[in-house]
Amino acid sequence: MKQPKVLTVEPLFPLKPPSNIQNILVIGCGGTGSYIIPNLVRLLVNSKQPVCLTLADADTVETKNLIRQNFIKSDVGKNKAEALAQRYSSAFGTQIQFLTKYLESADDVAKALKNARVSNVSYSSSVPLIISCVDNIKARAFMVEALRFHYPNGGYIIDCGNEDVSGQVLLSCLTDMDDPSTGVYRTPHLFEVFPELVERAKTDKLASELSCAEMAESSNQFGFVNLNAATFALNFVYDLLSGNPISTYMVEFSIKNKFSQRTLTKSSLQAWPACGWKLKIPK
């Protein structure tokens, strides 16, 4: 008689966030970033500890952005980071830093994190959290490099990637410490989950190098995709700030009512490629 198959469930290895994430940098304030920022500020206003929030984007609000991005008519002509920082700092009575530039090197990203200040109090030594809301592959590689060389003891990246009707949100914990049994260990960054992006990052144009036609072509997602990505990213932010054990490192979704999640298990920890911190993208 044929023996029935036994369903086995792998034990989880939850990630344990630190208690001092007080330095948050949102890079990209367009399609996804403009939806993340309002509720991110709400989370921070209710946080038990002060947090420095910095927004960075060199782009200007255009009339065509009003359909897909979270801006209003009076924002047209303004810098995106500045418009959102001013609106939500005024609405919630909190300080929000903004940079009206693209962060196009690891040093640019690190400098933005090192300059985190609220009421003349520096948060540069706090555990950093970068929320990536850009579709530029090379710029995303620089975020990994910035944490690698400037914050080796620990830092997080929430990377939001969108296609026309689908996308994924990846939470990466980048640290030299590695002990899954305690919940303190490194999880994969974007280029380990999608190793094919390493070569693309080497030849990808930076945002400042794109023509107007190329920029228009790269921004055709439905607004619902951005809204979905923002929601999943905020779920990760909430768990990080609350110190909740995190068992999921990536969510993949489609606006066609489909989504899946990848969990932190022993097999997943062993399956990631070994490139890790060795990623080096030329300027």
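The values are calculated or read from the model by the stated rules, or taken from the named source; none is laboratory data. Note that this is a predicted model, so its numbers are computed, not measured. Neighbour counts are summed over all protein chains in view; Cβ atoms, including those assigned to glycine, are modelled from backbone coordinates with ideal geometry. Just so you know, the surface numbers come from the protein's heavy atoms only, side chains and all, with ligands and any DNA or RNA stripped out. Shrake-Rupley method; radii C 1.70, N 1.55, O 1.52, S 1.80 Å.
Could you list, in sequence order, the residues of the stretch 53-70 that are over 13 Å from G28 (Cβ atoms) and not polar (S, T, N, Q)?
Passing the criteria: L53, V61, E62, K64, L66, I67, R68.
Open to solvent by 60 Å² or more (accessible area, probe 1.4 Å), outside any strand (DSSP E or B), at pLDDT below 75 and under 16 Å from R140 (Cα atoms): which single residue out of K202, K283 fits that description?
K283
In the list E145, E163, E104, which residue meets the criterion of being touching a residue at least 40 places away in the same chain (Cβ under 8 Å), under 26 Å from I255 (Cβ atoms) and acidic (D, E)?
After applying the criteria, what remains is E163.
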